[in-house]
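The values are calculated or read from the model by the stated rules, or taken from the named source; none is laboratory data. All values reported here derive from a predicted model rather than from experimental measurement. Backbone-built Cβ (ideal geometry, glycine too); neighbour counts: all protein chains shown. The area values use the complete protein model at the heavy-atom level, side chains included, leaving out ligands, DNA and RNA. Shrake-Rupley method; radii C 1.70, N 1.55, O 1.52, S 1.80 Å.
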Amino acid sequence: MAQNQRPKSLLDSLGEEIIRILTPVSICMLLVVLLVSILNSSSSLSVTSSIATIAYSETGSDSSWDKFIGALLNSLVFVVVVTVATFILVLFFYLRCTKFLKIYMGFSSFVVLGFMGGEIALFLIEEFSVPVDCITFLVLLFNFAVIGVLAVFMSKMPIIVTQGYLVLIGMLVAYWFTLLPEWTTWVLLVAMALYDLAAVLLPVGPLRLLVELAMSRDEDIPALVYEARPVTHHDSASRPVQRRIWRERQNARLDSEDSSSLNSDLNSTVSIVQSSHNGARIARVEEGQVSERDAELSAPLIDRRIDAQDGMSTESSMLEGMGLGSSGAIKLGLGDFIFYSVLVGRAAMYDFMTVYACYLAIVAGLGITLMLLALYQKALPALPVSIALGVLFYFLTRFLLEVFIVQCSLNLLMF
């Protein structure tokens, strides 16, 4: 007997894709923890001077209150700079300076791979006494950086190469963030989680404005975003853009009085969640009757199951679920990679039990974010829940370990 199958929900079909996105996140965090463990004791390393420490430079003689106020000032300056930079990105994208943005992003990637990566490589060479001459090192470093830029932005390469370079870029930036003063690091993590929340959800948030502009033009935004599955490239003259497809279907539904004739056309489910320091987000596209060729898309972010009997979706719901997606895969912005890794890297400076607790908290935060997505049917950033749980678990673990150590010491003294 034929029965109507219940449509798959977001939580029913995310298993394999979640593993595909958790694997690179875990690798990035592991590499940062290893770098911190190897290089943290090196005398050649020092606290870096950057935008994140422009307002206040922490010293050991400062009181805890002074460090907290200084960390707040540093975080405020950093968030303001990031906000201004994102609005400038929106302006350039509005003016259709897409080539300039791609060149800028490529140059930024080259700087990260060539300069940050080169300095970390020098630290590792010194630490392990690797015999290499200057010319060979420079040639290898230059080729490494150029291939990375080409893999991420400029040419078609195997997806594993692109994914590997994206993880390396996230690892390098995250490691340099771990060199910030401790108070500044923790306050900055919380501040960036709050910024991410506002930038994605507020009507005037820069990331939301950027995505809405991209959707209105049927264009992709040049950004550092990790994709769990390969992108299927199609000829631009023949490929349909799915956000146009669902928009046309929505209009057709509004014009039609016969709801039964729309069930086969409106049975595409799209769900994406996006979040980042640079527009970093999680994205998921699940297709019903849209063909594989139609899957080269930039589509609504949320799990929107359009049914003719449910009535018309509101314009606000459509605007809240927007983003970058292109190949039917979960996408996670490198901003999330970076700040997750900063958290576990900072925890590695204490002990590995704290690292394990923070890692579990971050993974749990990703899962909670996806559950909230399915529950509220609304685009959510990936950073706030994971960072909140990670920071909470860090300080709880440190407190409990310190209490345990003190208790053990007292017991030993008593005997």
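When T184, T178 are checked against the criterion of being among the β-branched types (V, I, T), touching an Asp or Glu at 6+ places or on another chain (Cβ under 8 Å) and under 30 Å from T59 (Cα atoms), a single residue qualifies: T184. Would you mind telling me which numbered condition in (1) open to solvent by 30 Å² or more (accessible area, probe 1.4 Å); (2) part of a helix (DSSP H, G or I) G114 fails? Of the numbered conditions (1) open to solvent by 30 Å² or more (accessible area, probe 1.4 Å); (2) part of a helix (DSSP H, G or I), the odd one out for G114 is (1). Looking only at residues in the range 349-364 that are closer than 18 Å to A174 by Cβ and buried (at least 21 other Cβ atoms within 10 Å of the Cβ), which one is farthest from the chain's Cα centre (by Cα)? Among those that are closer than 18 Å to A174 by Cβ and buried (at least 21 other Cβ atoms within 10 Å of the Cβ), it is T354. Scanning the range 50-63 for residues that are open to solvent by 70 Å² or more (accessible area, probe 1.4 Å) and either in a helix (DSSP H, G or I) or closer than 24 Å to D196 by Cα (or both) yields a total of 2.
Cβ-Cβ distances below 7 Å connect the following pairs, each with a first residue in the range 388-403 that is closer than 15 Å to V342 by Cα, a second residue that is modelled with pLDDT of 85 or more and among the aromatic types (F, W, Y), and a separation of six or more residues or different chains: V391/W186.
Do we have A151 as surrounded by 20 or more Cβ atoms within 10 Å (Cβ to Cβ), without any contact (Cβ under 8 Å) to a residue 24 or more places away in the chain and either within 22 Å of the chain's Cα centre (by Cα) or over 18 Å from A347 (Cβ atoms) (or both) here? Spelling it out, A151 is indeed surrounded by 20 or more Cβ atoms within 10 Å (Cβ to Cβ), without any contact (Cβ under 8 Å) to a residue 24 or more places away in the chain and either within 22 Å of the chain's Cα centre (by Cα) or over 18 Å from A347 (Cβ atoms) (or both).
Entry remark, the range 161-190: residues being within 22 Å of M349 (Cβ to Cβ) and part of a helix (DSSP H, G or I) number 20 in total.
Taking the criterion of being over 25 Å from Y165 (Cα atoms) and open to solvent by 50 Å² or more (accessible area, probe 1.4 Å), the residues of the range 78-111 that qualify are V80, V81, V84, F87, I88, L91, F92, Y94, L95, R96.
From the list G367, G345, the lone residue that is under 24 Å from I19 (Cα atoms) and surrounded by fewer than 20 Cβ atoms within 10 Å (Cβ to Cβ) is G367. Restricting F415, F395 to residues that are of a type outside the set (V, I, T), open to solvent by 80 Å² or more (accessible area, probe 1.4 Å) and either at pLDDT 85 or above or on the phi > 0 side of the Ramachandran plot (or both) narrows the list to F395. Looking at (1) open to solvent by 20 Å² or more (accessible area, probe 1.4 Å); (2) at pLDDT 90 or above, which is the only condition H233 fails? Checking H233 against (1) open to solvent by 20 Å² or more (accessible area, probe 1.4 Å); (2) at pLDDT 90 or above, the one that fails is (2). Scanning the range 117-159 for residues that are of a type outside the set (A, V, I, L, M, F, W, C) and not in a helix (DSSP H, G or I) yields S129, P131, D133, S155, K156, P158. Being modelled with pLDDT of 90 or more, in contact with a Ser or Thr (Cβ under 9 Å, 6 or more places away or on another chain) and open to solvent by 10 Å² or more (accessible area, probe 1.4 Å) is a property that Y175 lacks. Among the criteria (1) without any contact (Cβ under 8 Å) to a residue 60 or more places away in the chain; (2) farther than 20 Å from M171 by Cα, the one N143 does not fulfil is (2). The C-beta contact set for the range 97-116 (first residue within 11 Å of V146 (Cα to Cα), second residue outside any helix (DSSP H, G or I) and open to solvent by less than 100 Å² (accessible area, probe 1.4 Å), distance under 8 angstrom, 6+ apart or interchain) comprises S109/L224.
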